[in-house]
Structure formats: structure tokens, C-alpha cells
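Input: a single structure, listed below in C-alpha cells.
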Amino acid sequence: KTLRVLTGGAANCWALANLGPMIAKGDHSPGFMVKLLLKDLKLIMEAASEENLPLPGVAFSQQMFRAVEAEGGGDLGTQGVIRAFEKLANFKVAD
């Protein structure tokens, strides 16, 4: 129900419309893997550091994806990041 409300309003976007249903079903099959996103985030953070540019949002994302990888989720799709949020909240999203 929540997903239907979000995708029907201003919050709708490609990621929500396509990955939201997968998250709701607990489907973490890869389109783009966590380990590859972490490689990209590392490059972004290195470039930002060279320019003394703080990117707290990117740093937070990197930490959440690292948590997923540390639990063996490097080959999951990027929607697998929900696992880190579930662990923090002690709440399971998928049925």
C-alpha cells in the first residue's frame, strides 16, 4: 500500500517504480551489484577528497552499502541496501 501511494505522487521516480516492488518482495537480485557501486562510491570520495569537498550524503551511502557487503551482500542488487536499514531499525520490510 505504501509503495502504491509513493509511486502515485511526486515521490515517484525510476528507482522507486522499478526497485520498490523488488524491495517489497525481498528480491535483491542484481541489476547493478553492491560491490560495483562501492567501487564507484570509493572513486567519488577519493576525487572529492582531492578537492577538499565534503560529500556527507555520499559518505553515508557508502557506509550503508559497506554494511551490506560486510554481511556477504556484495553480489546483491543495489536495492539490497534495504538490509542495512532493516538491521538498524530492527524491522523487516519484505513480507
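Just so it is clear, none of the values below were taken in a lab; they were calculated from the coordinates. Note that the coordinates shown come from a computational prediction; the quantities given were computed from them, not determined experimentally. Reconstructed Cβ throughout: ideal geometry from the backbone, glycine too, with neighbour counts over all protein chains shown.
Using a Förster distance of 22 angstrom, determine the FRET efficiency expected from the C-beta separation of Ala89 and Phe60, and round it to 0.05.
Working: r = 15 Å, r/R0 = 0.70.
It comes to 0.90.
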- Listed highest first by mean packing, meaning other Cβ atoms within 10 Å per residue, what order do 69-81, 39-51, 15-27 come in? 69-81, 15-27, 39-51
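Find the Cα radius of gyration of the chain, compare it with 2.2 N^0.38 Å by division, and give the number to two decimals.
Working: Rg = 14.5 Å, N = 95, 2.2 N^0.38 = 12.4 Å.
Taking the Cα Rg and dividing by 2.2 N^0.38 Å, one obtains 1.17.
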